[in-house]
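What follows is a set of notes on a single structure, which appears directly below.
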Amino acid sequence: METLNHFMNILASPMGLLGLLGQGLFFSRFLVQWLASEKTGKSVVPVSFWYLSIGGGGLLLFYAIWRKDPVIILGQLVGLFVYIRNLMLIYRHKPAAAAEA
C-alpha cells in the first residue's frame, strides 16, 4: 500500500504530470503512424510522427534530468538527435521534390 501511495504522489505532482504528458505525446506518435498507414494501406511515417517524437522525447528528457536517471537521459538524448535529424532530411529534400513535380 505504501508503494501505491508513493506512486500516486509522484503522478499527482507537477513533475509527475509533466512526465505523463511527455509519455502521452510519445505514445500518440504510434497512433498517428498507425492511422496514417491504415489510411494509405501501406506503412508510412508522417512528419507529425517526428514532431510528436521531439515533443514527447523532450519532455521525457526534462523529467529524466529532474529524476537524475542517467539511463533515460542517455536514451532520450540519442532519440532526440535521431528525430531532429529525420526532420532535417525531410525538409532538405522537400524543395527538390517540389521542383521535380
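The values are calculated or read from the model by the stated rules, or taken from the named source; none is laboratory data. The shown structure was predicted, so the numbers you read here are calculated from the model rather than taken from an experiment. Reconstructed Cβ throughout: ideal geometry from the backbone, glycine too, with neighbour counts over all protein chains shown. The area values use the complete protein model at the heavy-atom level, side chains included, leaving out ligands, DNA and RNA. Shrake-Rupley method; radii C 1.70, N 1.55, O 1.52, S 1.80 Å.
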Practice task
Kindly check whether there is at least one residue in segment 79-92 that is modelled with pLDDT of 95 or more, open to solvent by 40 Å² or more (accessible area, probe 1.4 Å) and of a type in the set (Val, Ile, Thr).
Solution key: yes
Exercise for the section: Sort out for me the helices (runs of 4 or more DSSP H) sitting completely within the chain that have 3 or more residues that are in contact (Cβ under 8 Å) with a residue 12 or more places away in the chain and not basic (Lys, Arg). Expected result: 14-40, 47-67, 70-100
Practice task
Return the only residue of 50, 34 being of a type outside the set (Val, Ile, Thr), at pLDDT 95 or above and open to solvent by 100 Å² or more (accessible area, probe 1.4 Å).
Solution key: 34
Exercise for the section: Please give the number of the condition residue 55 fails out of (1) modelled with pLDDT of 95 or more; (2) more than 30 Å from residue 94 (Cβ to Cβ). Expected result: (2)
Exercise for the section: Tally the residues that are out of contact with any Gly (no Cβ under 7 Å at 6 or more places or on another chain), open to solvent by less than 70 Å² (accessible area, probe 1.4 Å) and either over 21 Å from residue 90 (Cβ atoms) or among the polar types (S, T, N, Q) (or both), restricting the search to segment 58-78. Expected result: 5
Practice task
From 8, 1, 15, grab the single residue that is in contact with a helix residue (DSSP H, G or I) (Cβ under 6 Å, 6 or more places away or on another chain), at pLDDT below 95 and aliphatic (A, V, I, L, M).
Solution key: 15
